[in-house]
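K.L.:
Before I ask anything, here is the structure I am working with.
The values are calculated or read from the model by the stated rules, or taken from the named source; none is laboratory data. Computed from a prediction, not measured in an experiment: that's the story for all the values here. Neighbour counts run over all protein chains shown; Cβ positions are idealised from the backbone, glycine included.
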Amino acid sequence: MRKFLILFWALVITPLVANEAIPEDLRVTTIALQAADLMKKVEGKGLLEITEDLLKSEDIEKETKEKIKASNRRIVLFEYPSEGLMVKGYVSFVPSCKDKPLLVFLRGGAEYVNLKHPANSTSFIEDYTVLSTTYRGGVSPGRDEFGGRDVNDVDALIDFIPTLEKKLEASFSANKKYLLGWSRGGMEMFLALSRFPKLQNYFDKAVSMSGLLDLPEFLKNRPDMGKMLEQGLGFPLKGEALKMRNPIDQISTLTTALPILILQGTKDKIIMVKEGREMIKALKKKGMSVDYIEIEGGNHCLENIPNSLKLVSDWLEKEEKMEKESA
């Protein structure tokens, strides 16, 4: 059933809405299925290192394998508790992780759709320790509420870090801690920050890349998604149920001290640029420290822009680079 749903999304929904090539959608679908099968292997184990398996796998590109070997990077799957559910996640880190920044990556998609492989491009940003969750639902138990209780899985992930450090005999409690939300992950990012104020103090910076930032606007442009979400949730997405999930309606509790970057492309057919532009206005009106980068011709999550993740790391490290240049 899950494979049917993913194939339906890739072959029918995405081409109709995004007008993108079906072969590319099939590639993304294949990766999602591989990721699902891989993540299932940690079920009931608590912890599972997959570094050697990735190096031996014919499904992993040569370039990715070279990145793993060049930095002696380790990639480990794990399960962590969130409201009685054992949610799956993964961590990618180098031996010198104690001195490296921590990046918490929030994925896009829903359940199996667009599930990220642990060896995806974000797992190799600079020499960061990259920590991610699948959210409840899909490969993890529970139901994905798309901005509901699944946001609690983000908070629980942060609470689990000390336990994960002990299990791996590593230190991820870096001096610099960043949050990156990708597509639906942008929604999760803002909702987590607003619902759990302690996270605003925990993270030094936050980045939304092609983030879903205005849910009513998104649903207006994607009525197909609205119907699918309501069927999955079991209730209409309107009134308080919609407002509590809408990032732009939930920024009142954000501290003005947290720097935020909103990054998006003008040719994004999934998330319209209007969402990012309106969020920027709302954040600036609130007095937030916010930057905005709009890439001409960039598609969803800037997948067609070479080295797009360098835009993220450059912004995250801009103060440090300025200090080095002035020294």
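K.L.:
Find all pairs meeting these conditions: Cβ atoms under 6 angstrom apart; at least six residues apart or on different chains; first residue within the stretch 140-155 and under 14 Å from GLU79 (Cα atoms); second residue of a type in the set (Gly, Ala, Ser) and outside any helix (DSSP H, G or I).
P.N.:
Going by the 6 Å Cβ cut-off, the qualifying pairs are ASP153/SER82.
K.L.:
Here is a follow-up. Among the residues of the stretch 138-154, count how many are surrounded by fewer than 16 Cβ atoms within 10 Å (Cβ to Cβ) and in a helix (DSSP H, G or I). Can you show your working first?
P.N.:
Initial filter on the stretch 138-154 (surrounded by fewer than 16 Cβ atoms within 10 Å (Cβ to Cβ)): 141, 148-149.
Now drop any that are not in a helix (DSSP H, G or I), which leaves 149.
So the count comes out to 1.
K.L.:
Any idea how many residues of the stretch 161-175 are surrounded by fewer than 16 Cβ atoms within 10 Å (Cβ to Cβ) and under 20 Å from the mean Cα position of the chain (by Cα)?
P.N.:
Of the residues in the stretch 161-175, 1 are surrounded by fewer than 16 Cβ atoms within 10 Å (Cβ to Cβ) and under 20 Å from the mean Cα position of the chain (by Cα).
K.L.:
Count, please, the residues in the stretch 16-55 that happen to be in contact with a helix residue (DSSP H, G or I) (Cβ under 6 Å, 6 or more places away or on another chain) and either more than 16 Å from VAL113 (Cα to Cα) or at pLDDT 95 or above (or both).
P.N.:
Selection size over the stretch 16-55: 3.
K.L.:
Of the residues LYS176, LYS167, only one is within 20 Å of ALA257 (Cα to Cα) and touching a residue at least 12 places away in the same chain (Cβ under 8 Å); which?
P.N.:
Numbers: LYS167 fails: within 20 Å of ALA257 (Cα to Cα).
Among LYS176, LYS167, only LYS176 is within 20 Å of ALA257 (Cα to Cα) and touching a residue at least 12 places away in the same chain (Cβ under 8 Å).
K.L.:
Would you pick out the residues in the stretch 119-137 that are crowded, with 23+ Cβ neighbours inside 10 Å, touching a residue at least 60 places away in the same chain (Cβ under 8 Å) and not hydroxyl-bearing (Ser, Thr, Tyr)?
P.N.:
If the condition is that a residue be crowded, with 23+ Cβ neighbours inside 10 Å, touching a residue at least 60 places away in the same chain (Cβ under 8 Å) and not hydroxyl-bearing (Ser, Thr, Tyr), then ALA119 is the only one that fits.
Matching residues to (1) within 18 Å of VAL312 (Cα to Cα); (2) crowded, with 16+ Cβ neighbours inside 10 Å:
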position	(1), (2)
ILE262	yes, yes
ILE270	no, yes
LYS284	no, no
GLY287	no, no
GLU294	yes, no
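K.L.:
Of all helices (runs of 4 or more DSSP H) completely enclosed by the stretch 231-327, which ones contain at least 3 residues that are in contact (Cβ under 8 Å) with a residue 40 or more places away in the chain? Steps first, please.
P.N.:
Values: elements: 240-243, 273-285, 308-316, 318-326.
Filter on the stretch 231-327 gives 273-285, 308-316.
K.L.:
What are the pairs, 6+ residues apart or on separate chains, where a residue within the stretch 47-60 that is touching a residue at least 12 places away in the same chain (Cβ under 8 Å) has its Cβ under 6 Å from a residue that is surrounded by 15 or more Cβ atoms within 10 Å (Cβ to Cβ) and among the charged types (D, E, K, R)?
P.N.:
THR51/ARG74; LEU55/LYS65
K.L.:
Residue check, GLY226 against (1) surrounded by fewer than 16 Cβ atoms within 10 Å (Cβ to Cβ); (2) part of a helix (DSSP H, G or I), all met but one. Which one?
P.N.:
(1) is the only condition that GLY226 fails.
K.L.:
Being out of contact with any His (no Cβ under 8 Å at 6 or more places or on another chain), crowded, with 18+ Cβ neighbours inside 10 Å and within 19 Å of ASP144 (Cβ to Cβ) narrows it down to one residue among LEU199, LEU237; which is it? So that I can check it myself, show each step before the final result.
P.N.:
Numbers: LEU199 fails: within 19 Å of ASP144 (Cβ to Cβ).
Just a single option satisfies the conditions, and that option is LEU237.
K.L.:
Kindly indicate whether GLU303 is of a type in the set (Asp, Glu) and either surrounded by 14 or more Cβ atoms within 10 Å (Cβ to Cβ) or touching a strand residue (DSSP E or B) at 6+ places or on another chain (Cβ under 7 Å) (or both). Outline the logic, then answer.
P.N.:
Numbers: of a type in the set (Asp, Glu): yes; either surrounded by 14 or more Cβ atoms within 10 Å (Cβ to Cβ) or touching a strand residue (DSSP E or B) at 6+ places or on another chain (Cβ under 7 Å) (or both): yes.
Spelling it out, GLU303 is indeed of a type in the set (Asp, Glu) and either surrounded by 14 or more Cβ atoms within 10 Å (Cβ to Cβ) or touching a strand residue (DSSP E or B) at 6+ places or on another chain (Cβ under 7 Å) (or both).
K.L.:
Scanning for something among the charged types (D, E, K, R), modelled with pLDDT under 90 and either touching a strand residue (DSSP E or B) at 6+ places or on another chain (Cβ under 9 Å) or within 20 Å of ALA110 (Cα to Cα) (or both), does the stretch 68-82 turn up at least one residue? Talk me through it step by step, then tell me what you get.
P.N.:
First, pick out the residues of the stretch 68-82 that are among the charged types (D, E, K, R): 69, 73-74, 79.
Pick out the ones that are also modelled with pLDDT under 90 and you get none.
No, the stretch 68-82 has no match at all.
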